[in-house]
1. Being within 15 Å of ligand 2 (Cβ to nearest atom) and either free of Cβ contacts under 8 Å to residues at least 60 places away in the same chain or among the hydroxyl-bearing types (Ser, Thr, Tyr) (or both) narrows it down to one of 148, 132, 164, so name that one.
2. Restricting attention to region 187-231, and to residues there that are among the hydroxyl-bearing types (Ser, Thr, Tyr) and surrounded by 16 or more Cβ atoms within 10 Å (Cβ to Cβ), which single residue is farthest from ligand 1 (Cβ to nearest atom)?
3. Give the residue that is surrounded by the fewest Cβ atoms within 10 Å (Cβ to Cβ), with candidates limited to residues of region 49-89 that are of a type in the set (D, E, K, R) and within 13 Å of the chain's Cα centre (by Cα).
4. Would you list the helices (runs of 4 or more DSSP H) that sit entirely within region 129-204 and hold 2 or more residues that are among the acidic types (Asp, Glu)?
5. What are the residues in region 167-181 that are within 12 Å of ligand 1 (Cβ to nearest atom) and surrounded by fewer than 21 Cβ atoms within 10 Å (Cβ to Cβ), if any?
6. Given the criteria in contact with a helix residue (DSSP H, G or I) (Cβ under 7 Å, 6 or more places away or on another chain), within 15 Å of residue 159 (Cα to Cα) and not basic (Lys, Arg), does residue 59 qualify?
7. Take the residues in region 116-127 that are surrounded by fewer than 19 Cβ atoms within 10 Å (Cβ to Cβ) and out of contact with any helix residue (DSSP H, G or I) (no Cβ under 8 Å at 6 or more places or on another chain); name whichever of them is nearest to residue 169 (Cα to Cα).
Amino acid sequence: EEEIPEDHPRYQDLLTRHRIERGVEKGITHLQGMHAEGRGSAFDYLLGEETIPSADDAERAAAAHLLLADDPVLSINGNVAALVPGEMVELADATGADLEVNLFNRTPERIGAITAHLREHGAEDVKGLEADARIPNLDHQRAKVDEDGIHAADVVLVPLEDGDRAEALNEMDKTEIVIDLNPLSRSPQVADVPIVDNIIRAVPNMTEHANALTDAEEAELRTVVEEFDRERALEDAERRIRDGL
Ligand code: ATP
Ligand code: MG
């Protein structure tokens with residue numbers, strides 16, 4: 001990261017790509033994560049590489065959902081761990097959520113590497129090793145989750161999630177928050193709270209909102225949740241991309 005000059009016009013994008021490469025080298029990120037990163041980068045370019053107002057609204061609503069939840073869980077995959085490990089730990093601290101490693105290409109080695117990486121970034125308890133429950137309607141390998149983690153969660157944040165899994169999770173009785181730069185991808189399309197923003201900007205902003213709302217009455221949090229309009233957020237993002245073109 002020292003090699004990238006900070007005044008480079010595409011600094012953040014280069015930094016992001018570099019972090020994914022480091023993630024692959026460290027055994028945290030699957031090679032396929034580089035392709036996901038490439039797709040994300042293209043959409044971020046079209047969105048102007050900034051948090052649009054409707055994404056900020058979604059991030060605030062997501063923070064309110066996490067604060068209202070009884071058992072909130074933040075799901076961590078290889079790209080999330082490579083890009084925002086410390087920021088996810090901070091969001092978990094700000095909202096009282098648990099962290100669970102939840103991989104599409106699941107191997108014990110990668111789960112171990114990601115858990116260790118999160119601990120280096122301040123995480124204490126990291127779930128995902130037990131894998132003693134299943135998400136219904138998914139093939140065996142993709143369905144594995146912790147019984148006392150994602151399986152029991154009432155609110156779950158799944159950043160950069162595969163469409164099938166996002167759909168299957170949504171069919172369980174949960175509030176699902178998705179972070180995904182492509183508003184047309186299935187994951188944000190099925191989410192209760194679709195956040196169309198780069199995870200690098202979205203997660204710290206959610207933490208800021210959570211800190212600002214931390215002393216709010218339950219009624220105020222419910223108002224924040226109810227005022228959020230998921231259809232409008234998806235339409236705004238799509239319009240922004242079309243206008244950008
Ligand atoms: P599918 O339709 O099967 O879900 P996909 O093209 O969405 O396919 P995935 O690998 O499932 O591919 O998901 C990667 C998603 O993550 C893409 O939609 C991409 O835009 C998004 N993404 C990648 N990097 C980031 C990032 N830094 N922040 C937010 N979203 C990202
Ligand atoms: Mg997708």
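Please treat every number below as a calculation from the coordinates, not as lab data. It should be emphasised that the depicted structure is a prediction, and the values quoted were computed from it without experimental measurement. Cβ placement follows ideal geometry from the backbone for every residue including glycine, while neighbour counts extend to all protein chains displayed.
1. On the way: 148 fails: within 15 Å of ligand 2 (Cβ to nearest atom); 132 fails: within 15 Å of ligand 2 (Cβ to nearest atom).
Answer to the check: 164.
2. First pass over region 187-231, keeping only residues among the hydroxyl-bearing types (Ser, Thr, Tyr): 187, 207, 214, 223.
Narrowing the set further to residues that are surrounded by 16 or more Cβ atoms within 10 Å (Cβ to Cβ) leaves 187, 207.
On the way: 187: 6, 207: 16 Å.
Result: 207.
3. First, pick out the residues of region 49-89 that are of a type in the set (D, E, K, R): 49-50, 56-57, 59-60, 70-71, 87.
Next, from what is left, pick out any that are within 13 Å of the chain's Cα centre (by Cα): 59, 87.
Working: 59: 27, 87: 20.
Checked region 49-89; the qualifying residue surrounded by the fewest Cβ atoms within 10 Å (Cβ to Cβ) is 87.
4. 163-171
5. Initially, region 167-181 is screened for residues within 12 Å of ligand 1 (Cβ to nearest atom), giving 167, 178-181.
Matches in region 167-181: 167 only.
6. Details: in contact with a helix residue (DSSP H, G or I) (Cβ under 7 Å, 6 or more places away or on another chain): yes; within 15 Å of residue 159 (Cα to Cα): yes; not basic (Lys, Arg): yes.
Here the answer is yes, as residue 59 does meet what is asked.
7. Initially, region 116-127 is screened for residues surrounded by fewer than 19 Cβ atoms within 10 Å (Cβ to Cβ), giving 116, 119-122, 124-125.
From what's left, out of contact with any helix residue (DSSP H, G or I) (no Cβ under 8 Å at 6 or more places or on another chain): 116, 119, 124-125.
Numbers: 116: 26, 119: 26, 124: 26, 125: 23 Å.
For region 116-127, the residue satisfying everything is 125.
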